[in-house]
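Nothing in this text is a laboratory measurement; each read-out follows from the coordinates by a stated rule. All values derive from a computational prediction rather than experimental measurement. Reconstructed Cβ throughout: ideal geometry from the backbone, glycine too, with neighbour counts over all protein chains shown.
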Amino acid sequence: MAAVAGCRATGRRTTRWRTTTGPEQDGYRGHVDPDARQRALASEARLRILRRLEERGDATARELAEDLSRHENTIREHLGTLENAGLVSARETPTGRRGRPSRRYQPRTEHDPHTGLARALAAQISHRPEAAREQGREAGRPWGERLVLERESGPRAEPLREVVAVLDELGFAPTLREDAIGTCIEMRGCPFGELAREQTDVVCGAHRGLLEGALAAAGAGWDGIDLAPFATSAACVARLEPSG
């Protein structure tokens, strides 16, 4: 959506204001170097700002400064870094008073309102690939178990299809396939979006744990999962290893 410019008469002066809603207006250009995101998230102060924005939905620099007991100029600097990294967006709204319009910030999310916080948490997990994958996997297992056990009561599907249904509800766009090698689940969607490419070890480790937990809770007889992130340009593939 294009920026909307306008003006409001205020006695002798005319105050111009601009409402910014699209990516070109709030400083985000659609692609940000993952290193820029990592640098932005390396600060505990900026993580606190992101968490507070997640809680509030949106806020001005002054409101955040009051909430976090920090100087407003310091908050503005951190918000500028987060905005340049594509982690927050901003819009300008008229205040009804003379002077510049109020600039309100909100977390930039891809699929749900928790993406920004998930990114912040993922960035704090170990940067050693093996450790990061295992930590993500451990976090994913109970999540997968809970998703299966908390599904609405009613006739239960065959265990493997129950797991596929859970993945579909999450937004993975899964397809259950049989080929010459065995059984696999092809997933052409990802609810984690760009975060999965930025933090592949953590996010895909959690995805594998989710699958393991869901399969166990559904009673499916599979000993292991070989998850291939971005196996093709359009999909990730989880190959299932039968028990016995």
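By the count of neighbouring beta-carbon atoms within 10 Å, fewest first, 60, 93, 232 end up ordered 232, 93, 60. As a proxy for reagent exposure, ranking 102, 89, 43 by other Cβ atoms within 10 Å from fewest up yields 43, 102, 89. Cβ crowding within 10 Å, taken as a proxy for footprinting-reagent exposure, orders 207, 78, 71 from fewest neighbours to most as 71, 78, 207. Applying the criteria of a DSSP loop state and at most 16 other Cβ atoms within 10 Å to the trypsin sites (Lys or Arg not before Pro) of segment 50-85 yields 70.
The local environment of residue 137, defined by Cβ-Cβ distances under 15 Å, has a net charge of -3 under the rule Lys, Arg +1 and Asp, Glu -1.
Positive contributions from Lys and Arg (+1) and negative ones from Asp and Glu (-1), summed over other residues with Cβ under 12 Å from the Cβ of residue 207, come out at +2.
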